[in-house]
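Participant: The structure follows.
Read the figures in this text as sums done on the coordinates, not as results from a lab. Predicted model only: the values in this text are computed from it and were never measured. Here the Cβ positions follow ideal geometry from the backbone for every residue, glycine too, while neighbour counts run over all protein chains shown.
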Amino acid sequence: MTESGTFAPNPIGYNQRIAVPDALVPWRADYPSYNPPEFNDEEFLTKGIEQGWADQHDAHLVDFSNRPSFEGAVLLDPTTGRPLNPRGRQGLAGRGELGKWGVNNAADPVVIAIDPSGIKQILLIQRANGQWAFPGGMVDPGELVTATARRELREEANIELNDIVARIITKGYVNDPRNTDNAWMETVASLFVLDFTPAPKHGDDAKDAKWFNIPSDLKSLEGQTGKLYASHGDILTLALAQI
Ligand code: RP5
């Protein structure tokens, strides 16, 4: 089970998001009338607090000193005590369906199989919102990101790659549709290169799991899959440049 326990952003809450003109996205841009709607999935977050994976509702109660961001130092809103998204205004306050104020850490296994003739395939799962994605998930408290990647592969695709050495290909902010002004996703993506294609079986909240041929580049892959979830297309492009 993923920490958040959900894949599809609640369309009701996230649909309140307002558009922010590009020039006014950075917090340093003066925008005195900025007053975005607030979305916190209270029932879901209260369950998360009880189960220990979500922060308290009041961000003042959270110790952010041990919550590093790949984006550098994170500013806190002096009034609410909430972290401010380092990528600027997102048109929605609160933390929506993300358990943590500020950084929410994920891990993404990028599993690519290459056959003897050089044909490449990528293992993807289908999320509840229908988009294809890496079988990634939230890092559990105290868990190493490399362990998260292997756990999520097992849970979402029923694939164990214990004998395969993975290498980290990128770490950073994810353009996840659940991001808000005060909560956002960051991931560590690990590359697994295989010379075989273990049969996947979808599990957890993945609706499907399968291998896709990568004909030449991301664009040709997305011709089959549709746009990959969040920043996964960019991550895959990085991965392909490294093999
Ligand atoms: C994305 O959300 C990450 O890249 C990762 O794939 C995923 C983690 O969230 P859940 O799958 O646990 O919802 O931003």
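Participant: Cα centroids of the stretch 167-235 and the stretch 69-105: how far apart, whole angstrom?
Facilitator: 23 Å
Participant: Hey, rough spin-label estimate for Asp77 and Leu238, points 7 angstrom out along Cα→Cβ, what's it come to in nanometres?
Facilitator: 2.9 nm
Participant: Placing +1 at every Lys and Arg Cβ and -1 at every Asp and Glu Cβ, with all other atoms neutral, what dipole size does the stretch 90-243 have around its Cα centre, in debye to the nearest 20? It would help to have the intermediate numbers written out before the result.
Facilitator: Numbers: 15 positive and 20 negative charges, 33 e Å.
Computed about the Cα centre, the dipole is about 160 debye.
Participant: Can you pick out the pairs among Lys120/Lys227; Lys171/Lys207; Lys120/Lys201; Lys171/Lys227 whose Cα atoms lie more than 24 Å from each other?
Facilitator: Listed pairs above 24 Å: Lys171/Lys207.
Participant: How large is ³J(HN,Hα), in whole Hz, for each residue of the stretch 71-76 in order, when computed from phi with the Karplus curve 6.51 cos²θ - 1.76 cosθ + 1.60 and θ = phi - 60°, using x for Gly and Pro?
Facilitator: 8, x, 5, 9, 7, 10
Participant: Follow-up. Compute the helix-to-body angle for 42-51: its Cα long axis versus the longest principal axis of the chain, expressed 0 to 90° and rounded to tens.
Facilitator: Once rounded, one gets 70 degrees.
Participant: If you don't mind, there's one more thing I want to ask. Can you give me the long-range amide H partners of Asp176? Hydrogens built in the peptide plane at 1.01 Å from N, cutoff under 5 Å, separation of 5 or more residues or another chain.
Facilitator: Met185
Participant: Quick one: order Thr170, Thr187, Thr197 by neighbouring beta-carbon count within 10 Å, fewest to most.
Facilitator: Thr197, Thr170, Thr187
Participant: Which cross-chain or sequence-distant (5 or more) residues have an amide H under 5 Å from the amide H of Ala54, H modelled 1.01 Å from N in plane?
Facilitator: Those qualifying (amide H under 5 Å, at least 5 residues apart or on another chain) are Ile49.
Participant: Moving to a separate point now. Rounded to a whole number of µm²/s, how large is the Stokes-Einstein D of the chain at 10 °C and 1.306 mPa s, given Rh as the Kirkwood radius over C-alpha pairs?
Facilitator: 85 µm²/s
Participant: Give the residue from Gln224, Asn162, Ala54 lying farthest towards the positive end of the charge dipole for the chain; charges sit on Cβ (+1 for Lys and Arg, -1 for Asp and Glu) and the dipole is referred to the Cα centre.
Facilitator: The residue sitting farthest along the positive end of the dipole is Gln224.
Participant: Compare the Cα positions of Phe70, Gly130, Pro116 along the charge dipole of the chain (+1 at Cβ of Lys, Arg; -1 at Cβ of Asp, Glu; about the Cα centre) and return the one farthest towards the positive end.
Facilitator: Most positive-ward Cα: Pro116.
Participant: Could you check which residue among Ala209, Ala147, Ala93 shows the biggest mean-square fluctuation in a GNM of the chain with a 10 Å Cα cutoff?
Facilitator: Ala147
Participant: Explain nothing, just compute: Karplus ³J(HN,Hα) = 6.51 cos²θ - 1.76 cosθ + 1.60, θ = phi - 60°, for every residue of the stretch 185-191 in order, whole Hz, x for Gly and Pro.
Facilitator: Values per residue, Gly and Pro as x: 9, 9, 9, 10, 9, 10, 9 Hz.
Participant: Also, I was wondering about something else. Between Leu144, Leu123, Leu228, where does the largest GNM mean-square fluctuation fall for the chain, given springs only between Cα atoms within less than 10 Å?
Facilitator: The residue with the greatest mean-square fluctuation here is Leu144.
Participant: For the stretch 154-164, take each phi angle, set θ = phi - 60°, evaluate the Karplus expression 6.51 cos²θ - 1.76 cosθ + 1.60, and give the result in whole Hz per residue in order, putting x for glycine and proline.
Facilitator: The phi angles translate into 5, 6, 9, 10, 6, 10, 9, 10, 4, 8, 9 Hz.
Participant: Going by amide H atoms built from the backbone, whose H comes under 5 Å of the H on Ala106, apart from near neighbours?
Facilitator: Val139, Glu186, Thr187, Val188
Participant: Relative to the present Cα-Cα distance, how much length would full extension add between Asn162 and Asp208 at 0.36 nm per residue of separation?
Facilitator: Contour length minus the Cα-Cα distance gives 14.3 nm.
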